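Here's the structure we're looking at; comments come further down.
The values are calculated or read from the model by the stated rules, or taken from the named source; none is laboratory data. All values derive from a computational prediction rather than experimental measurement. Note: ideal-geometry Cβ built from the backbone for every residue, glycine included; neighbour counts use all protein chains shown. With ligands, DNA and RNA removed, areas are computed over all heavy atoms of the protein, side chains included. Shrake-Rupley method; radii C 1.70, N 1.55, O 1.52, S 1.80 Å.
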Amino acid sequence: MKTKGIRVTTIFMTLLILGSICLPTVSAKENTAFSSIDAENEVIIENRPDIQIIEMTDTSSIVQVGDIVISLNTDEDFTEGIMEVEDVTTNEKEVLEFYVTKLSDNFKVDVTLNEENTESYFTTYNPLDPGETKELLSQKTTPSLFQDEQVVTRSTSYVWDDVNFVKGTGVKYPHPSYTAYNGEVWQDYYINGDELKHNHIRQSRSNTISQLAPAVAGATIGAYLGNVPGAAIGAALGLVLGGTSSDALLDEEGCIWYWESHISSYVSLPPTNLPIFVPLYYRIASYTLWDTMSVGNP
């Protein structure tokens, strides 16, 4: 498989969204008092490319993210689909073909990339069905594998990575406090911590993603977050969307949070196990995918 530039992000996203990947994580110690830092000066607004839905029917989706156009056409039973990912600036194009077989309690998904076979994947959802993503993203049950050792019964304010956090009642998963910072739900922004960059995807774009078929949603995030190798986000989405009782990617405000370390290096990631240049820490929503720095979880 040969990909380069932004295509690496998008293609790895599309393939890895099909797998269910559980990686071990390390818990972190927390400081249960708010920081004395001037939080209002810590939010950095980002100008990310818009996500434009050009066409969306049950069997045809066309989405543009900056210079990347993603199109998916399927049959009416969502058993076969062809996805094209094209950079309209360079005219580079990748073609993925999906073949989905319904088994007794899951789906077998075979994928070809530019007419070359990749691995077969087994999922609990049909990645070509646009009705799957919104339902899966809105699930609120946290699987026991990822529950905290102590049950949280109320909202708690604390500091993690020198950033003001909240968790507990009314908070779907721990994230930087909306009240401590001047970032708004309609903005893309990030907060720099000691070791991590704490990223926020605006509400409207997070909700747009939830309308797309899983395969298109994966490719869209891969293109949207082009500064992060698609393997990182793809692995996270493969985990979240692959579970039958997954926690939500969307927080209580309908936004998506993800975390990456300031330091990056080459890491071998499943399912291809190819060395990819990624942050040494990567977390999305409730899931830490890898933590080679022993930063821990919020």
Solvent-accessible surface ranking, highest first, for M56, M83, M293 at 1.4 angstrom | M56, M293, M83
1/(1 + (r/R0)^6) with r = Cβ-Cβ of N114 and N182, R0 = 51 Å, i.e. FRET efficiency to nearest 0.05, evaluates to 0.65
Which net charge results for the neighbourhood of D188, defined as the other residues with beta-carbon distances under 11 angstrom from its beta-carbon, given Lys and Arg at +1 and Asp and Glu at -1?
-> 0
Gain on full stretching of the segment that runs from S157 to S265 - 0.36 nm per residue minus C-alpha separation | 35.6 nm
R202: accessible area at probe 1.4 Å, nearest 10 Å²?
-> 60 Å²
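As an exercise, use a Förster radius of 45 Å and the Cβ-Cβ distance of D67 and S104 to find the FRET efficiency, rounded to the nearest 0.05.
0.60
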Modelled label-to-label distance, T57 and E92, 7 Å Cα→beta-carbon offset: nm?
-> 3.2 nm
